[in-house]
1. Which stretch or stretches of the range 246-272 have amide N atoms under 16 Å from the point lying 7 Å from residue 231's Cα along the Cα→Cβ direction?
2. May I ask for the percentage of alpha-carbon pairs in the range 218-274 that lie more than 12 Å from each other?
3. So for the pair residue 290, residue 322, with labels modelled 7 Å out along Cα→Cβ, what separation do we get in nm?
4. Send over the semi-axes of the chain's equivalent ellipsoid, whole angstrom and largest first, taken as the square roots of 5 times the C-alpha gyration tensor eigenvalues.
5. For residue 277, put the label point 7 Å out on the Cα→Cβ axis and report which residues of the range 211-248 keep their amide N under 20 Å from it.
6. For helix 358-374, report the angle its Cα long axis makes with the longest principal axis of the Cα atoms of the chain; keep it between 0 and 90° and round to the nearest 10°.
7. As I understand it, the value is the acute angle between the Cα axis of helix 179-189 and the longest principal axis of the Cα atoms of the chain; what does it come to in degrees, rounded to 10?
8. I need the calculated FRET efficiency for the pair residue 427 and residue 249, taking r as the beta carbon distance and R₀ as 45 Å, to the nearest 0.05.
């Protein structure tokens, strides 16, 4: 391993890559991923394609100081790559590590890896689950535990079938792995891939999946490739970048004007005002009680909570209106109003209005609510107006204020939700006992439950 100083960085570099280091550093490359604290670029120099991952520690106040006491993520991965190579574990080749230090700490670290002609694991590509299990088994036999084992961290060459680890953050090397550690690792990978796992491991995978999606849903309130804070009209919005077109930006600049002048008002209530126009819906949560001023100092606004819930549902595959942006209007920390901007479900009709086949309605609603409960959500305000059909007879869940993620939905909790919906639809003339029976049968079949376990309905 060679050591060099260049451009204010201290470098450790493998000998055969050292002649190309300067050319790589001077090339702008193509940005693959960017956030305030990290940028990843792909470029070619000296006939080889490489990824350059730059950790910009100075972007976060005081972060550079902590690396006086611990290794940076880039250095930890650099060391892990060398250990894995010694163990014979296939990884993408790590070519260079660079660090730029000042008296205030580590300002920036850089990791350069060689590109590999592979793609993240994808079941649609004809991937054999047994090949994945064999690869992971080799890792486990060598004492390698990847705590973040997902398809994006394993690359597979579609021509040769060769697999390699990439992004080594999260790897732990042990003398030997226990059976429980192996099963938990496979259960985590089973969140993303259809693997042949035993029943106990499958159940563990389901629990891990629900927890992982709840954690991932938090990213909608952070700065990353899809979401970012933006300032519009005196408000700081959390914006979903791929959908922030000119119309969305105009609404964010003047949300109250949109409701007053442009939107068709769907709900002019005291607690919330809802309007739609141009394929989007804006919901403004109004200040109703003065006592809420104090409460809202210690909790997220209703709009922000709904924004995160909607994104969580989307990740879990539960149909709902796509969330686009959210913002709070505060004065001295006191919450006066909050806003949620979402896509409109065109020509939507709620369950009480819809006049399609009632048996289709029963089966579709049962499948949606079974999915909702399977993903760990309960809804304490289930009623016909919260279930809407689009013109293609697809059913969506809307109005998420009564929605709560609890992880596991027992039969008792499910019964409470369904009892609330049962009371609401009993008054509907086009839905009778036969459709309610079909609903219960389909729901229980999907959730592998006995109807007698829902006697509260």
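None of the figures in this text is laboratory data; all of them are computed from the coordinates on show. Only a predicted model underlies this, so the values are computations on that prediction, with no experimental measurement involved. Note that each Cβ is placed from the backbone with ideal geometry, even for glycine, and that neighbours are counted across all protein chains shown.
1. Taking a point 7 Å out along Cα→Cβ of residue 231, the residues of the range 246-272 whose backbone N falls under 16 Å are 253-254.
2. Tail of P(r) above 12 Å: 70 percent of Cα pairs.
3. Label-label distance for residue 290 and residue 322, simple model: 4.4 nm.
4. 46, 31, 19
5. Answer for this model: 232-235, 244-248.
6. So the inclination is approximately 40 degrees.
7. On a 0 to 90 degree scale, this one is about 70.
8. In this case the efficiency is close to 0.55.
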